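Inspection log for the structure reproduced underneath, given as structure tokens.
Every number here is computed from the coordinates shown, using simple stated rules; none is lab data. Only a predicted model underlies this, so the values are computations on that prediction, with no experimental measurement involved. Because the Cβ atoms are built from the backbone with ideal geometry, glycine has one as well, and the counts that use them run over all protein chains shown.
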């Protein structure tokens, strides 16, 4: 058995927990303590055949609050786009059997995204923790966001004469329908939408937050070819009309605040580095930018606290805090808001 990095339990900012006090939802994401799992299956084959995305049988084990071992069947499937190419171990779908989940921590779930340690390097462990932190930072900005659960996982390779175990960190991301349920909305599946169908205040808040963290690899209205809307975002909205739609961002490994060694801006956005901030919001939402800025400034302490969660190297943590401080300095200055955001909006 190889022993790898096991992070300390994440200490939660009180405000982040209060954001969900009204409707905690299902048990998996209602608790933000570290969850320890064992995943048993053909892990090497999952990597070797990842481009074919086979559904491979496995088992998930964990101890419940009473110390009793819970054993669940699961299908393991590789997922992702960029990380499918660059990762030693790709992100994974965990597809459970609903009939086994009653009374377990996975009750009400079905198919869940698992974000794994991409490569066996300290820098990639930092990337993983920092991406988790960005999700938590957006949780602090709005409850209409994907919640995440930090994990310590014992991966057990079963297709060997003697099973081998590797231990490392990961996190789970809730699905769009769960966010929709908490918001009393529906998950929306379409190929594309019009800007006028977005909730303007929500779109403005998202756009300014993405500017703060240096994110340009997303779209609130369109998807890459062959996918459903939208690129690195999902949609929820009212069931009885086709406007007022809320955009839920995910997949933050390309943001400037983290600055992974494989992050590259799209050639279509006209910047040379992901650390360069570029506002990608739409001009039709400009009237809502002051409100979005006010909300983010009011929640600045909680957003910054999210970046202090967990085990990240001092150098990378300090860099991220500085990057975010510079971003907040920009949106605190009305002249820079005009120049960097309002004047740079997309028509």
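Dividing the summed -39500 (n - 2.57) terms of all DSSP H runs of n ≥ 4 by the residue count of the chain sets its mean residue ellipticity at 222 nm at -8000 deg cm²/dmol. Spacing of the modelled spin labels on residue 336 and residue 45, each 7 Å from Cα toward Cβ, amounts to 5.4 nm.
You can think of it this way: the chain between residue 52 and residue 122 has 22.3 nm of extra reach, that is 0.36 nm per residue less the Cα-Cα gap.
Restricting things to Cα coordinates, could you compute the convex hull volume per residue of region 14-177 in Å³?
Cα convex hull per residue, to the nearest whole number: 131 Å³.
In terms of surrounding Cβ atoms within a 10 Å radius of their Cβ, 122, 31 rank from fewest to most as 122, 31. In percent, rounded to a whole number, the relative contact order of the chain is 17, using alpha-carbon pairs under 8 Å and six or more apart.
Once you keep just the Cα pairs under 8 angstrom separated by 6 or more residues, what percentage relative contact order results for region 14-177?
25 percent
Distance between the pseudo-spin-label points of residue 326 and residue 61 (7 Å out from Cα toward the beta carbon): 4.8 nm. Please find the FRET efficiency linking residue 224 to residue 69, where r is the Cβ-Cβ separation and R0 is fixed at 56 Å, and quote it to the nearest 0.05. The pair residue 224/residue 69 has a calculated efficiency of 0.85. Region 309-345 and region 114-193 have their alpha-carbon centroids 24 Å apart. The length gained by stretching the chain between residue 162 and residue 243 to full extension, at 0.36 nm per residue less their Cα-Cα distance, is 23.6 nm. In plain terms, the chain from residue 315 to residue 298 could stretch by 3.4 nm, reckoned as 0.36 nm per residue minus the Cα-Cα distance. Largest GNM mean-square fluctuation among 163, 267, 238, using the chain with Cα springs under 10 Å: 267.
Compute the FRET efficiency between residue 97 and residue 195 as 1/(1 + (r/R0)^6), taking r as their Cβ-Cβ distance and R0 = 45 Å, and round to the nearest 0.05. According to the calculation, E is roughly 0.65.
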